[in-house]
Structures are given as structure tokens and as C-alpha cells.
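Report on the structure given below.
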Amino acid sequence: MNSDADERVTRRRFLRAGAGAAAAGVAATGTAAAQEGEGGPTVVTVGPGGSLVFDPETAYVKPGGTVRWEWGSSGHNVAPTSIPGEASWEGHEPLEDSGFTYEHTFEVEGTYEYVCTPHAGAGMEGVIEVTENPPEQTGYQSILPDSAKTLGVAATGSMVSVLGLTYLFMRYGGDYEGDFEE
């Protein structure tokens with residue numbers, strides 16, 4: 001009677017199973033990353049943490065793109081100071097409290113400048129750039145190149161694999177003969 005459960009674990013089978021598991025993990029990671037895509041409005045925080053700024057100060061959208069302003073503190077508004085000639089955007093003049101949101105879809109290309117009326121003197125100004133070719137990434141940008149990040153992920157994956165294999169070899173591996181105490 002020779003079933004799969006009765007067979008001995010050989011190094012070759014063990015390494016084959018480990019390689020298969022690693023390949024499945026890499027494939028799952030690639031699929032998850034590919035599913036992250038564009039979508040939703042561009043978010044501008046109004047007065048984050050009580051500061052008198054719009055974050056980001058300059059936001060970029062394509063024509064037909066939506067910008068959502070989210071109030072991070074109270075007593076602010078969004079008042080346009082300059083818009084392209086063909087555009088019609090009136091902003092949101094009433095002062096609002098923390099937690100309020102306001103959205104607008106921009107159809108006409110150009111530069112839209114706006115301020116928070118009570119805090120314009122303190123420099124609370126923002127810009128919306130509507131363009132067919134917005135920059136790929138705005139706001140925070142890492143100083144590390146993508147190759148360094150990839151190397152770090154690969155090294156971490158390798159270390160985890162080695163630890164996993166070490167555990168399995170220590171627990172189940174080896175062709176030992178003789179009586180050992182457990």
C-alpha cells in the first residue's frame with residue numbers, strides 16, 4: 001500500500017513545491033498591482049490639520065476630470081479668482097466646517113486659480129490645471145528609484161523564503177536513521 005501520504009518527502013519534491021509556491025506568490029502580487037488603477041476624483045484637502053493651505057496647492061486633471069475638496073478644518077471656502085474665458089465655475093463661497101466636501105467637474109482646459117476668502121491674505125491659494133497631459137505624479141515623490149524598491153521587495157521575499165524553507169527542513173527534512181528522542 002503506497003499512497004501519497006506514506007511517501008517520503010525528498011529534497012527534490014520539497015524544492016519543487018517551494019518553487020511553485022514562490023511562483024504563485026509572485027503572480028498574485030503582479031495581479032494585485034495591475035488591478036490598482038485610476039479612478040475617482042482628484043482630492044484637495046482644505047485646511048489640513050488647521051493649517052491655512054490647500055493640499056496639494058496645485059492639482060492636475062484632464063478635461064472632464066473631477067476635483068473633490070475635503071474640509072480638514074472649519075471656516076474655509078473655495079472662491080475662484082481666475083478661470084479660463086469659456087469656463088463657468090463659481091466655486092463654493094459659503095464658509096464650511098470640517099468634514100464638508102464639494103466636487104466640481106472641469107470640462108474646459110486651462111488654469112483655474114482660487115483662494116479661501118477669509119484667509120487669502122495669509123496665502124491660502126490654490127490652482128487647478130486642466131490639461132490633456134497632466135504630470136504622472138503630483139505631491140509626494142520618492143527619491144528612491146524603482147529599481148531599488150524592486151530589489152528591496154525581492155530581497156525581503158528571498159529572506160522569507162529562506163526562513164520558510166529552514167523551518168520546513170528543520171521540522172520535516174533530512175534522511176535520518178536511528179532513534180531520536182522527541
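Here is how the numbers come out for the structure above:
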{"read-out": "Residue tally, condition free of Cβ contacts under 8 Å to residues at least 60 places away in the same chain and surrounded by fewer than 14 Cβ atoms within 10 Å (Cβ to Cβ), over the range 63-80", "value": "2"}
{"read-out": "Test result for residue 113, assigned by TED's automatic domain parsing to the domain that holds residue 59, over 19 Å from residue 62 (Cα atoms) and modelled with pLDDT of 85 or more", "value": "no"}
{"read-out": "When residues of the range 137-152 are limited to those that are part of a loop (DSSP other than H, G, I, E, B) and of a type in the set (S, T, N, Q), the one modelled with the lowest pLDDT", "value": "138"}
{"read-out": "Residues satisfying the stated conditions in the range 114-128, i.e. closer than 20 Å to residue 64 by Cβ and surrounded by fewer than 21 Cβ atoms within 10 Å (Cβ to Cβ)", "value": "127"}
{"read-out": "Residue in the range 115-122 that is within 20 Å of residue 45 (Cα to Cα), in a strand (DSSP E or B) and out of contact with any Ser or Thr (no Cβ under 7 Å at 6 or more places or on another chain) present", "value": "no"}
{"read-out": "Count of the range 90-110 residues which are exposed (fewer than 14 other Cβ atoms within 10 Å of the Cβ) and either of a type outside the set (Asp, Glu) or more than 16 Å from residue 42 (Cα to Cα) (or both)", "value": "7"}
{"read-out": "Residue match in the range 101-121 (condition: of a type in the set (D, E, K, R) and closer than 30 Å to residue 15 by Cβ)", "value": "no"}
{"read-out": "Count of the range 64-114 residues which are polar (S, T, N, Q) and in a strand (DSSP E or B)", "value": "7"}
{"read-out": "Meets criteria (at pLDDT 90 or above and over 29 Å from residue 162 (Cα atoms)) for residue 36", "value": "no"}
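The values are calculated or read from the model by the stated rules, or taken from the named source; none is laboratory data. On a predicted model such as this, the values are computed, not experimentally measured, just so you know. Quick reminder, even Gly has a Cβ in these numbers, built from the backbone with ideal geometry, and neighbours come from all protein chains shown.
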